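First comes the structure, then the notes that go with it.
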Amino acid sequence: MLAADEDIANKIVEIAKRRGSTVYGTLNEILQQALRADEMGLNLNYVIENWEKMEKAKGMGFTFTIEKLLYEVVGLAHDKAGKKLGEIWLETGKWYGRYFADKGGDPIEFFREAMELLSLGNPVTSIEKQNGGRLVVSCVGELYTDGFTEMHGLFIRGVLETFGWEHVETENGKGMIRLTFTGPR
């Protein structure tokens, strides 16, 4: 015997009707999935939140690949055609800047969310508003190649310049990006 809040019980009845199933079958399926998540050391909230992140990433045109492979390929392309590749990354950043700005609301927050999605692996990104109208974006990725570091910095620069922020300083090192902006203009 199971007990549930009346609103939850009514929603389960609605789900069962929509699926053409019984309440018994629907409830057992829900409980089986909760148990399956638990056996994996997860809870359903975690699973759903991560599914939502994956769907958002797909909706933004992101794709998933082998992290090390991406960095190495971008590094090689940078060595062969750095100027042209830089133009592509900067322009792509500007395109995404327009995309985030067109969503309404605070484009910096949309960008922060996108950077979290881009950083599902090891890279860590922070966006910090400082006194005096400065914005500092830092990224650290232990597998970043020098070429990828430079290109990713151009992407970020393109996004923020589209928002009206003026790029004033870049500090790149092996696997580290730190961009400073003032503004917005």
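The values are calculated or read from the model by the stated rules, or taken from the named source; none is laboratory data. Note that the structure is predicted; figures quoted are calculated from it, not measured. Note that each Cβ is placed from the backbone with ideal geometry, even for glycine, and that neighbours are counted across all protein chains shown.
The table for this structure:
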quantity: Hits in the range 135-176 (condition: in a loop (DSSP other than H, G, I, E, B) and small (Gly, Ala, Ser)); calculated: Gly141, Gly164, Gly175
quantity: Selection status of Thr145, surrounded by fewer than 21 Cβ atoms within 10 Å (Cβ to Cβ) and among the β-branched types (Val, Ile, Thr); calculated: no
quantity: Sole residue being within 20 Å of Ala77 (Cβ to Cβ), charged (D, E, K, R) and either in contact (Cβ under 8 Å) with a residue 40 or more places away in the chain or not assigned by TED's automatic domain parsing to the domain that holds Lys94 (or both), chosen from Glu150, Glu161; calculated: Glu150
quantity: Selected residue (only one of Lys103, Lys17, Lys94, Lys83 is at pLDDT 95 or above and more than 26 Å from Gly147 (Cα to Cα)); calculated: Lys17
quantity: Hey, Glu6 more than 30 Å from Phe111 (Cα to Cα) and either surrounded by 10 or more Cβ atoms within 10 Å (Cβ to Cβ) or in contact with a Ser or Thr (Cβ under 6 Å, 6 or more places away or on another chain) (or both) or not; calculated: no
quantity: Residue ID - surrounded by the most Cβ atoms within 10 Å (Cβ to Cβ), chosen from residues in the range 72-94 that are small (Gly, Ala, Ser) and closer than 18 Å to His167 by Cβ; calculated: Gly93
quantity: Residue within the range 105-118 that is assigned by TED's automatic domain parsing to the domain that holds Met176, closer than 30 Å to Gly164 by Cα and part of a loop (DSSP other than H, G, I, E, B) present; calculated: yes
quantity: Which numbered condition His167 fails, given (1) closer than 30 Å to Glu55 by Cβ; (2) touching a residue at least 12 places away in the same chain (Cβ under 8 Å); calculated: (1)
quantity: Long-range neighbours under 6 Å by Cβ, at least six apart or interchain, first residue closer than 12 Å to His152 by Cα within the range 75-99, second surrounded by fewer than 18 Cβ atoms within 10 Å (Cβ to Cβ) and modelled with pLDDT of 95 or more; calculated: Leu85/Ala77
quantity: Restricting the range 116-133 to residues that are at pLDDT 85 or above and in contact with a Ser or Thr (Cβ under 7 Å, 6 or more places away or on another chain), the residue that is surrounded by the most Cβ atoms within 10 Å (Cβ to Cβ); calculated: Thr125
quantity: First in the range 122-138 and touching a residue at least 24 places away in the same chain (Cβ under 8 Å), second anywhere and in a strand (DSSP E or B) and of a type in the set (Gly, Ala, Ser), Cβ under 9 Å, 6 or more apart; calculated: Val136/Ser126; Val137/Ser126; Ser138/Ser126
quantity: Residues being among the small types (Gly, Ala, Ser) and touching a strand residue (DSSP E or B) at 6+ places or on another chain (Cβ under 6 Å) - total across the range 98-149; calculated: 4
quantity: Odd one out for Asn50, checked against (1) surrounded by 12 or more Cβ atoms within 10 Å (Cβ to Cβ); (2) at pLDDT 90 or above; (3) not assigned by TED's automatic domain parsing to the domain that holds Gly147; calculated: (2)
quantity: Hey, Leu69 of a type in the set (A, V, I, L, M, F, W, C), more than 16 Å from the chain's Cα centre (by Cα) and surrounded by fewer than 12 Cβ atoms within 10 Å (Cβ to Cβ) or not; calculated: yes
